[in-house]
Amino acid sequence: MSVKTLLVDVGGVLLNENPDFWDLLRRDFHAPANVEALFFGPGSPWPECRTGALDYSEYMRRVAEQLGMDPGLLAELADRHEWMLNQPMAEWTRGVRRRGLEVILVSNADLTLEARLRSFGLDDVFDAVVNSARVGAAKPDPDIYRRALELTASSPSECLFVDDREKNCAAARELGMEALVFVDTEQFVQEVRRRHAGEVWVGPGAR
């Protein structure tokens, strides 16, 4: 069946993590080697933040406390340095939307997601945004996928789900969607063209 809706992640797909951010914290603020785990690892406040149980400022305060840093400074550094735009993937996504594909963002994120999308010029790329912190469920919880499906007239078999984590893709497949693990833009686009050759949305106008 032809794809009518693209469900796409943001972190690790449309935005790439910037390794310089972690190096900056280690070099200039004496953060430990495993500083990433303080933000996102087991026991971190991230699970609460990404489901809306903890606001972003409190999340940053807790992480900053472990690093011995000012929370405002840490939040400013994260805002400026943590993510980089994946320009080729952003252009590809805009291209397929122009050619008629519905695009829905499905992200494990905090309540600053929408502002972050604006800062990277991504706020006009999507027909809808499903933010885990707003719906109270995070991938791979089936509830967040069902929320996304409620926003589209497409059936699960008409949806292509794209995420950088296999466990999130596996959950989408269990609901009947096609799912691809994103590694890099070139590899992803080649695989899409191989699977969906002849469909309008993967034509020459979609980079």
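When the residues of the range 163-206 are narrowed to those that are of a type in the set (Phe, Trp, Tyr) and either at pLDDT 95 or above or within 18 Å of the chain's Cα centre (by Cα) (or both), which ends up surrounded by the most Cβ atoms within 10 Å (Cβ to Cβ)?
Of all residues in the range 163-206, those of a type in the set (Phe, Trp, Tyr) come to 182, 188, 201.
Still in the list and also either at pLDDT 95 or above or within 18 Å of the chain's Cα centre (by Cα) (or both): 182, 188.
Working: Phe182: 20, Phe188: 18.
Selected residue: Phe182.
Check Glu65 against each of (1) in the same structural domain as Trp46 (by TED's automatic domain parsing); (2) under 13 Å from the mean Cα position of the chain (by Cα); (3) acidic (Asp, Glu) and name the one condition it does not meet.
Single failed check for Glu65: (2).
How many residues does the range 120-135 hold that are modelled with pLDDT of 95 or more and surrounded by fewer than 14 Cβ atoms within 10 Å (Cβ to Cβ)? It would help to see each step written out before you state the result.
Going residue by residue through the range 120-135, those that are modelled with pLDDT of 95 or more are 120-122, 125-135.
Next, from what is left, pick out any that are surrounded by fewer than 14 Cβ atoms within 10 Å (Cβ to Cβ): 121.
Result for the range 120-135: 1.
Among the candidates Leu73, Leu111, Leu77, single out the residue that is hydrophobic (A, V, I, L, M, F, W, C), part of a loop (DSSP other than H, G, I, E, B), more than 21 Å from Thr185 (Cβ to Cβ) and out of contact with any strand residue (DSSP E or B) (no Cβ under 7 Å at 6 or more places or on another chain).
Values: Leu73 fails: part of a loop (DSSP other than H, G, I, E, B); Leu77 fails: part of a loop (DSSP other than H, G, I, E, B).
The match here is Leu111.
Restricting the search to the range 23-60, which residues are in a helix (DSSP H, G or I) and farther than 19 Å from Leu113 by Cβ? Give the derivation first.
Here is the first cut: in the range 23-60, the residues in a helix (DSSP H, G or I) are 23-29, 35-40, 46-50, 56-60.
Passing the criteria: Asp23, Leu24, Leu25, Arg26, Arg27, Asp28, Phe29, Val35, Glu36, Ala37, Leu38.
Is it true that some residue in the range 194-203 is in contact with a Leu (Cβ under 8 Å, 6 or more places away or on another chain) and more than 17 Å from Ser2 (Cα to Cα)?
No: zero hits.
Only residues that are of a type outside the set (Ser, Thr, Tyr), touching a residue at least 12 places away in the same chain (Cβ under 8 Å) and either surrounded by fewer than 14 Cβ atoms within 10 Å (Cβ to Cβ) or part of a helix (DSSP H, G or I) (or both): list them for the range 80-103, please. Let's see the steps before the verdict.
Within the range 80-103, the first condition is being of a type outside the set (Ser, Thr, Tyr), and the residues that meet it are 80-92, 94-103.
If we keep only those that are touching a residue at least 12 places away in the same chain (Cβ under 8 Å) as well, we get 81-86, 88-92, 94-103.
His81, Pro88, Met89, Ala90, Glu91, Trp92, Arg94, Gly95, Val96, Arg97, Arg98, Gly100 - these are the residues of the range 80-103 that are of a type outside the set (Ser, Thr, Tyr), touching a residue at least 12 places away in the same chain (Cβ under 8 Å) and either surrounded by fewer than 14 Cβ atoms within 10 Å (Cβ to Cβ) or part of a helix (DSSP H, G or I) (or both).
Select from the range 37-75 the residues that are within 22 Å of Asn131 (Cβ to Cβ) and among the charged types (D, E, K, R) and write down the one among them that is surrounded by the most Cβ atoms within 10 Å (Cβ to Cβ).
Ranking the candidates gives Arg50 first.
Conditions tested, residue by residue: (1) free of Cβ contacts under 8 Å to residues at least 60 places away in the same chain; (2) among the hydrophobic types (A, V, I, L, M, F, W, C); (3) closer than 30 Å to Ala153 by Cα; (4) in contact with a helix residue (DSSP H, G or I) (Cβ under 7 Å, 6 or more places away or on another chain).
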{"position": "Leu7", "(1), (2), (3), (4)": "no, yes, yes, yes"}
{"position": "Gly11", "(1), (2), (3), (4)": "no, no, yes, no"}
{"position": "Leu15", "(1), (2), (3), (4)": "no, yes, yes, no"}
{"position": "Phe29", "(1), (2), (3), (4)": "yes, yes, no, yes"}
{"position": "Glu36", "(1), (2), (3), (4)": "yes, no, no, yes"}
{"position": "Pro45", "(1), (2), (3), (4)": "yes, no, no, yes"}
{"position": "Gln66", "(1), (2), (3), (4)": "yes, no, no, yes"}
{"position": "Ala75", "(1), (2), (3), (4)": "yes, yes, no, yes"}
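Just for helices (runs of 4 or more DSSP H) wholly inside the range 136-207: which have at least 3 residues that are in the same structural domain as Gly100 (by TED's automatic domain parsing), touching a residue at least 12 places away in the same chain (Cβ under 8 Å) and among the charged types (D, E, K, R)? Reasoning before the result, please.
Numbers: elements: 142-150, 166-174, 185-195.
In the range 136-207, the matching helices (runs of 4 or more DSSP H) lie at 166-174.
Can you name the number of the only condition in (1) within 13 Å of the chain's Cα centre (by Cα); (2) on the phi > 0 side of the Ramachandran plot; (3) not hydroxyl-bearing (Ser, Thr, Tyr) that Glu114 fails?
Only one criterion in (1) within 13 Å of the chain's Cα centre (by Cα); (2) on the phi > 0 side of the Ramachandran plot; (3) not hydroxyl-bearing (Ser, Thr, Tyr) is unmet by Glu114, namely (2).
The values are calculated or read from the model by the stated rules, or taken from the named source; none is laboratory data. All of these numbers come straight from a predicted model, not from anything done at the bench. Cβ sites come from the backbone with ideal geometry, for glycine too, and all protein chains shown count toward neighbours.
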